[in-house]
Amino acid sequence: MYSWVSSTFIILSLLLFWRLNAQVKETHQIIKEWVQTKQLISKENANWETEKIILTDLDDSLTKEISELENKLELFEKENIGATQQRADLSDRKEKTEITSLLFYDKMKKVETEINKISGFIPSPLKTRLSPFFEKINTQKGKNYSLRDRLDAAVSILQSIHLFNREVHLERQEFSLDEGKSREFRVLYFGLSVAYFVNESESVAGWGQPSEKGWIWTRKDGIAKEISSGVAILENRALPRFLKLPIPIPVSTER
């Protein structure tokens, strides 16, 4: 009886020890796995923190870049709108300028036509000096010049005519009279109204009058001395005085 009880106790003790040992091992394994899990979680957390920092920096960079791109896009749209408006304004100005240029061209043609009509009234010496300007307003040659150049030429011609008409001028000029022989004369121009001519020897003299076809010269040798006196006055070789010169009847002009 005692032997059976002892055996039973031993068996129960062994079973209990085995069970406790199994529980200890199981607990140890659980603790080991838990530690590994915590370590893994800790490692993952560390990795996540690192990745989080990287992702945060990347997000900040992308956000900044997106903001810059949006600002540039907005600026581009504004500039594009401004450029479109500017193109429209320039197109409108161009159209108005073209219309104005056409009107100016028509007016310029009328002015040039009128100047050419009165060119016969301009004394030859003055016309020679103005020849570069007449070339610019000439219908054929004027095509090579801009409207501004032609306007400047027209203004120069009209201004020169105006100034010439206000004063008395002494010119050396060569022309022929009724006999057809060309001579050189000293010519006193009283503006554009009348002129008096005399040669060096005071043997030939007369007066001139303007017309559309040019100046018409009339011989009157009897006034040679008086004209020579006028020449001497203008050349400061004689004191100023009144001249006794005939005033011819104006040449009739039909326009």
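The values are calculated or read from the model by the stated rules, or taken from the named source; none is laboratory data. Given the structure is predicted, the values throughout are model-derived calculations rather than measurements. All Cβ positions, glycine included, derive from the backbone under ideal geometry; neighbour counts span all protein chains shown.
Listing for the model above:
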| quantity | calculated |
| --- | --- |
| Qualifying positions in segment 146-188 - crowded, with 19+ Cβ neighbours inside 10 Å, farther than 17 Å from L130 by Cα and in contact with a Leu (Cβ under 8 Å, 6 or more places away or on another chain) | R186, V187, L188 |
| Tabulated pairs, segment 140-161, first more than 21 Å from P125 (Cα to Cα) and of a type outside the set (D, E), second surrounded by 16 or more Cβ atoms within 10 Å (Cβ to Cβ) and modelled with pLDDT under 85, C-beta under 7 angstrom, 6+ apart or interchain | L147/M108; R150/M108; R150/G142; L151/M108 |
| Candidates D106, D59, filtered to the one that is at pLDDT 75 or above and of a type in the set (D, E) | D106 |
| Pick from segment 102-135, criterion surrounded by 12 or more Cβ atoms within 10 Å (Cβ to Cβ) and among the small types (G, A, S), ranking: nearest to R172 (Cα to Cα) | S124 |
| Count - residues of segment 162-192 that are touching a residue at least 12 places away in the same chain (Cβ under 8 Å) and more than 14 Å from L234 (Cα to Cα) | 12 |
| Selection count, segment 95-117, where residues are free of Cβ contacts under 8 Å to residues at least 24 places away in the same chain and either in contact with a helix residue (DSSP H, G or I) (Cβ under 6 Å, 6 or more places away or on another chain) or among the aliphatic types (A, V, I, L, M) (or both) | 3 |
| Residue match in segment 234-253 (condition: modelled with pLDDT of 95 or more and of a type in the set (V, I, T)) | no |
| Hits in segment 225-242 - residues which are farther than 15 Å from L170 by Cα and either in a helix (DSSP H, G or I) or touching a Gly at 6+ places or on another chain (Cβ under 7 Å) (or both) | K225 |
